[in-house]
Amino acid sequence: KLAGTGAEVLVGDAARPPVGERAFDVIVARHVVWLLPDPAAALAHWFRLLRPGGRLVLIEGVWGGAGLPAERVTALLAAHTERVHHEDLAGDARLWGREVDDERYALVARAEPPHRHTEVVDVHLILRRGPDVLLARRAGTGYADGLLHLPSGHAEDGEDVREAMLREAAEEIGVVLDPEEVRVALVMQHRGPGGGARMGWFFLAEYDEGRPPRNAEPEKCSELDWFPLDALPDDMVAYCRAGLDGYRSGEHFLMHWHEDGDPVAHRPDGPRRVVLLPSATERTGQIHHIELWVPELAAAERSWGWLLERLGHLPYQRWAHGRSWRRGEGYVVVEQSPDLTAGHHDRRRPGLNHLAFHVADRAALDSLAAEAPSYGWRLLYPDRHPYAGGEGHRAAYLEDAAGYEVELVVESMSTPSP
């Protein structure tokens, strides 16, 4: 019967057919699986012989109590495929030449791995202009319309997250960024109310006056404007606000997991869903906290509180004699201790001379220096500002009423002023 058909007859072990390295589109086994000493191992080997998308067709049954029920064989196939098609064959007497009342069936399984959990990867741009950040008001998208959000989108097939961020920045706000201009600020897994989980990458970039942002997608955005990072509006998407708060406080890994029924919008008095995930960096040698004893707590809270919060620290602890502000793993304490001895702080005497903090750019430095006198600070060396520390070192030196000095240093990656 097979003469002239090109068919090949092989004799060997059905569990491991002698076919060498060949692969097949279809493998059919009839009344075989139940006879094998290790059906699970045989099925695993047969799947390895299939090309991607190939089918394994099994015709089996239970005759007079002998054989394998479909439920058992389906369970064995589950490790290799997502779905198994079951066809009941017992009711078709033409297949058997008579009526049968036992279990007879065909199973068809496709060579594909079981379903794995997947998440959308989205990207968000924190575009800084000194103390301000760029926000867009969503419109016409069907999700969170009317709320403010960072310029954002999701990675497409074949894109890495940085490529996705550069593309979205160009598409949404018309800003073409080079890869070296963006830095990772934080990563946050988040879930909207009733929605699926997403993995969000937040990237940081600095405003360039030669490339001003514009609303490049007016059908999806009704407003594009700058907002102070330390006084963000409340009408924001909740997880976006959580991401920016985490960035301000120096966090790098967060989870923000809405429960069903939570509002999409940020609510100052709403449920706090953010979970901080500390990184596995070695803490040995890092500063845990800095504690300053001050002669007057109220004045120190006003001056230091303003400065530290403008620099991204968040209020941390509060007790009768002190306050603290935290950013990342460290925090700063000001305390009017009952054990404070008489005298005043003199930064020229042995002991602490000053604290120095990074500042994002020249615009942020100028803004802080201009606002500082309203909060009890005075600018030192105004005739040499902002190069009192030497050419090429841009910084502002401030002193408060108690004699404490801080140095605000523009990050070295910023482009020097002409």
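The values are calculated or read from the model by the stated rules, or taken from the named source; none is laboratory data. Since the structure is predicted, the reported quantities are computational estimates derived from the model, not experimental observations. Neighbour counts run over all protein chains shown; Cβ positions are idealised from the backbone, glycine included.
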**Study point:** Among (1) out of contact with any Leu (no Cβ under 7 Å at 6 or more places or on another chain); (2) charged (D, E, K, R); (3) within 28 Å of ALA136 (Cβ to Cβ); (4) buried (at least 16 other Cβ atoms within 10 Å of the Cβ), the one test that GLU301 misses
**Key:** (3)
Exercise for review: Identify the single condition in (1) modelled with pLDDT of 95 or more; (2) more than 23 Å from GLU181 (Cα to Cα); (3) in a loop (DSSP other than H, G, I, E, B) that THR284 does not satisfy, given that it satisfies every other one.
Suggested key: (1)
Practice item. Answer with yes or no whether ARG16 is touching a residue at least 24 places away in the same chain (Cβ under 8 Å) and assigned to a loop (DSSP other than H, G, I, E, B). Key: yes
Point to revise | Residues of region 253-269 satisfying the condition of being touching a residue at least 24 places away in the same chain (Cβ under 8 Å), assigned to a loop (DSSP other than H, G, I, E, B) and out of contact with any Phe, Trp or Tyr (no Cβ under 9 Å at 6 or more places or on another chain) | key: GLU259, ASP260, GLY261, ASP262, PRO263, ARG267, PRO268
**Study point:** For ASP208: the one exception among (1) outside the structural domain of VAL406 (by TED's automatic domain parsing); (2) in contact (Cβ under 8 Å) with a residue 60 or more places away in the chain; (3) over 23 Å from TYR143 (Cβ atoms)
**Key:** (2)
Review point. Does ALA185 satisfy the condition of being in contact with a Lys or Arg (Cβ under 7 Å, 6 or more places away or on another chain) and either surrounded by 14 or more Cβ atoms within 10 Å (Cβ to Cβ) or closer than 23 Å to PRO263 by Cβ (or both)?
Key: no
**Study point:** Any hit, region 358-367, residues being within 39 Å of the chain's Cα centre (by Cα), without any contact (Cβ under 8 Å) to a residue 60 or more places away in the chain and part of a strand (DSSP E or B)
**Key:** yes
Exercise for review: Return yes or no: is ALA164 surrounded by fewer than 22 Cβ atoms within 10 Å (Cβ to Cβ), touching a Cys at 6+ places or on another chain (Cβ under 9 Å), in contact (Cβ under 8 Å) with a residue 12 or more places away in the chain and of a type outside the set (D, E, K, R)?
Suggested key: no
Exercise for review: State all residues of region 79-91 that are in a loop (DSSP other than H, G, I, E, B), surrounded by 12 or more Cβ atoms within 10 Å (Cβ to Cβ) and either in the same structural domain as VAL161 (by TED's automatic domain parsing) or modelled with pLDDT of 90 or more (or both); if no residue qualifies, say none.
Suggested key: LEU89, ALA90
Exercise for review: Answer yes or no: is there a residue in region 145-157 that is part of a loop (DSSP other than H, G, I, E, B), surrounded by 13 or more Cβ atoms within 10 Å (Cβ to Cβ), modelled with pLDDT under 95 and among the small types (Gly, Ala, Ser).
Suggested key: no
Practice item. May I ask you to list the residues in region 41-73 that are part of a helix (DSSP H, G or I) and within 28 Å of VAL100 (Cα to Cα)? Key: LEU43, ALA70, GLU71, ARG72, VAL73
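Residue-wise test of (1) crowded, with 18+ Cβ neighbours inside 10 Å; (2) outside the structural domain of GLY376 (by TED's automatic domain parsing).
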position	(1), (2)
HIS258	yes, yes
PRO268	no, yes
ARG318	no, no
TYR331	yes, no
GLU335	yes, no
Review point. Just for region 281-298: of the residues that are touching a Gly at 6+ places or on another chain (Cβ under 8 Å) and under 23 Å from PHE253 (Cβ atoms), which one is surrounded by the most Cβ atoms within 10 Å (Cβ to Cβ)?
Key: HIS289
Check your understanding: Of all residues in region 178-204 being more than 23 Å from ASP235 (Cα to Cα) and in a strand (DSSP E or B), which is nearest to the chain's Cα centre (by Cα)?
Key -> VAL184
Exercise for review: Report, by residue number, each residue of region 52-75 that is among the small types (Gly, Ala, Ser) and closer than 13 Å to LEU35 by Cβ.
Suggested key: GLY61, ALA66, GLY67
**Study point:** Which listed residue is under 44 Å from the mean Cα position of the chain (by Cα), loosely packed, with under 15 Cβ neighbours inside 10 Å and aliphatic (A, V, I, L, M), from ALA70, ALA66, ALA41
**Key:** ALA41
Practice item. Could you please tell me which pairs satisfy a Cβ distance under 8 Å, a separation of 6+ or placement on different chains, a first residue in region 211-231 that is among the aliphatic types (A, V, I, L, M), and a second residue that is assigned to a strand (DSSP E or B)? Key: LEU224/LEU134; LEU224/LEU135; LEU224/ALA136; LEU224/ARG137; LEU229/ARG128; LEU229/ASP132; LEU229/VAL133
Review point. Do we find a residue being within 40 Å of the chain's Cα centre (by Cα) and either farther than 17 Å from ARG302 by Cα or in the same structural domain as VAL133 (by TED's automatic domain parsing) (or both) anywhere in region 340-353?
Key: yes
Check your understanding: Taking GLY142, is it small (Gly, Ala, Ser), at positive phi and not assigned by TED's automatic domain parsing to the domain that holds HIS45?
Key -> yes
